[in-house]
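*Asks:* Below: one structure in structure tokens.
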Amino acid sequence: MSNNDIDWGDSLDNLPDVRDGLNKKERMIMYCLQQTQDELGGRNVPTIMLYGRVIEKIDISQEEFQLILSRLTGLTRNTDM
């Protein structure tokens, strides 16, 4: 199999960006969180509202969303390292 035959789409989406270490899904969650917080006047954003905004932009399961959100908010440690 040559490099031309490999589907890099999903693999590249999971690579962290060198600028801030966020991958595509993490960045989208953070973006939607900021946008929604701005719309709510700085108030806390309900998780279900954030999830609804995120799935409008990317395909992500509830479980993966919860894992990423927990890691980003510091509720769990990243054990992948």
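The values are calculated or read from the model by the stated rules, or taken from the named source; none is laboratory data. All of these numbers come straight from a predicted model, not from anything done at the bench. A quick note on method: Cβ atoms are made from the backbone with ideal geometry, for glycine too, and the neighbour counts reach across all protein chains shown.
*Asks:* Has segment 22-42 got at least one residue that is at pLDDT 85 or above, surrounded by 10 or more Cβ atoms within 10 Å (Cβ to Cβ), under 12 Å from the mean Cα position of the chain (by Cα) and not in a helix (DSSP H, G or I)?
*Replies:* Yes, there is a match, as at least one residue in segment 22-42 is at pLDDT 85 or above, surrounded by 10 or more Cβ atoms within 10 Å (Cβ to Cβ), under 12 Å from the mean Cα position of the chain (by Cα) and not in a helix (DSSP H, G or I).
*Asks:* Moving on. Can you tell me which residue among SER70, SER61, SER11 is modelled with pLDDT under 70 and among the polar types (S, T, N, Q)? Steps first, please.
*Replies:* Details: SER70 fails: modelled with pLDDT under 70; SER61 fails: modelled with pLDDT under 70.
The match here is SER11.
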